[in-house]
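See structure below.
Computed from the coordinates by the stated procedures, all read-outs in this text should not be read as laboratory data. Since the model is a prediction, treat every value here as computed from it, not as a measurement. Cβ sites come from the backbone with ideal geometry, for glycine too, and all protein chains shown count toward neighbours.
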Amino acid sequence: MTQPDSSTPPTLIATTLADNIGTLLFNNPGKLNCLSHSLMEKFIEALPALEQQGARVIVIRAPAKSRVWSAGHDINELPEPRRDPLSYGDALERLLRKVQDCPVPVIAMVEGSVWGGACDLCCSCDMVIADDKATFAMTPAKIGIPYNPSGLMHFVNHIGVNKAKEMFFTAQPTSAQEAHNNGFVNAIVPADELEAYTYGRAAHIARNAPLAVRAIKAQFRLLSRGALIDAETAERIQSIRRRVYDSQDYAEGIRAFKEKRPPHFEGK
Ligand code: LCV
């Protein structure tokens, strides 16, 4: 990843793509990678761009050895009192939906402490892999913010209602071990192994049939809403699945298995 030269302001979000694995890096350590409007707008642009450039999986990370992965929403940019601080159209909510709707899996690789909206960002990712010193604190109650229904449900769906209530009511950091115990984190890895482990998992995903992986993520997204599936959504899921099992990749996956060789998926 080329570093921006000193004359230009550092890009708040830096991206790289290698071997079909995209990386989206928070690049504002001076402000503890807090989710300012400008950083969030750059993020909202960069994520789909990586997918359109061919990423089959995307890793979201902070600079190596970050003490703070992200300090959460830029508190200085929270709206004046008496206005909904986290309405549907606000940047943080658009960013979270961008991650949830990203057609390819998104992995949060976490080292350091994670605060507020950045925890919800981790919840919106498909996997969270953290080092053993990471912590996660859900802070609205500490700031006097009511949070919002979709955000609360992200946590309920991930860690259950009791642990979600404890995170929100206490607003205290949850340790990596506790986050792993309650299902918030997929794996805890020693800091010096975090990158290799995370990109190893990403490589497994990138080698699988991309149409199948996309269809599975799309189904998880539709089903995760928890609501009863109406007829149209059921038909939409079926059409997503049919596109995959009608594909050449589906035939290739089965043929490769029978011929005892690694499959070569071409995304069609
Ligand atoms: C702006 C900051 C921030 C920050 N914004 O370093 O989930 S919700 O509903 O709550 C949602 C609205 C949300 O996400 O709210 C934000 C939640 N985040 C937090 O509550 C974390 C607030 N920050 C902290 O507790 C500390 O900064 C930590 C523990 C992250 C790091 O502490 P440390 O002592 O190492 P400082 O506190 O000195 O922070 C360094 C600089 O970053 C600014 C902070 O104001 C300071 O700026 P100055 O050097 O200009 O004083 N900063 C930190 N977090 N979220 N600015």
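Taking just the alpha-carbon atoms of the chain, what radius of gyration and Dmax come out, in angstrom?
Spelled out, the Cα radius of gyration and Dmax of the chain are 19.1, 65 Å.
When Rg is the radius of gyration of the Cα atoms in the stretch 139-241 and Rh is its Kirkwood radius, what does Rg/Rh come to? Each step should come with its number before you reach the end.
Working: Rg = 17.5 Å, Rh = 16.6 Å.
Rounded to two decimals, Rg/Rh equals 1.06.
Once both axes come from the Cα atoms, what is the angle between helix 248-258 and the longest principal axis of the chain, in degrees from 0 to 90, rounded to 10?
Rounded to the nearest ten degrees, it is 70.
Find, to one decimal place in angstroms, the Kirkwood hydrodynamic radius of the stretch 23-118, where the mean of 1/r is taken over every pair of different Cα atoms and then inverted. Working shown, then result.
Working: mean 1/r = 0.0721 Å⁻¹.
Mean inverse Cα-Cα distance, inverted, gives 13.9 Å.
In debye, nearest 20, what is the charge dipole magnitude of the stretch 91-189 about its Cα centre with +1 on Lys and Arg Cβ and -1 on Asp and Glu Cβ, if you could check?
260 debye
Can you list which of the trypsin sites (Lys or Arg not before Pro) found in the stretch 5-86 are DSSP loop residues with at most 15 other C-beta atoms within 10 Å?
Working: sites: Lys31, Lys42, Arg56, Arg61, Lys65, Arg67, Arg82, Arg83; in loops: Arg56, Lys65, Arg67, Arg82, Arg83.
In loop regions of the stretch 5-86 (DSSP not H, G, I, E or B), the sparsely surrounded trypsin sites (Lys or Arg not before Pro) are Lys65, Arg67, Arg82, Arg83.
Would you be so kind as to identify which of Val189, Val128, Ala231 lies farthest towards the positive end of the dipole of the stretch 112-268, taking Lys and Arg as +1 and Asp and Glu as -1 on Cβ and the Cα centre as origin?
Ala231
Anyone know which of Val106, Val57, Val156 comes out most mobile in the 10 Å Cα GNM of the chain?
Val156
List the chymotrypsin sites (Phe, Trp or Tyr not before Pro) within the stretch 63-138 that DSSP assigns to loop and that have no more than 15 neighbouring Cβ atoms inside 10 Å. Numbers along the way, then the final one.
Details: sites: Trp69, Tyr88, Trp115, Phe136; in loops: Tyr88.
Here the sparse-neighbourhood loop sites are Tyr88.
Quick one: longest stretch of the chain between exposed loop GluC sites (Glu not before Pro), exposed meaning at most 15 other C-beta atoms within 10 Å and loop per DSSP? The partial results should precede the final answer.
On the way: sites that count: Glu259, Glu266.
That gives 1-258 as the longest site-free run.
Explain nothing, just the number: dipole magnitude of the chain about its Cα centre with +1 on each Lys and Arg Cβ and -1 on each Asp and Glu Cβ, in debye rounded to the nearest 20. Could the numbers behind the result be given before it?
Values: 30 positive and 30 negative charges, 122 e Å.
For the chain, the charge dipole is close to 580 debye.
Nearest 10 degrees, 0 to 90: what angle lies between the long axis of helix 91-100 and the longest principal axis of the chain (Cα atoms)?
30 degrees
In what sequence do Val99, Val161, Val128 fall when counting other Cβ within 10 Å, fewest first?
Values: Val99 22, Val161 12, Val128 27.
Going from sparsest to densest Cβ surroundings: Val161, Val99, Val128.
What lysines could a cross-link reach from Lys163, if we take a straight Cα to Cα line under 29 Å and drop same-chain neighbours fewer than 8 places away?
List returned: Lys65, Lys98, Lys133, Lys142, Lys217.
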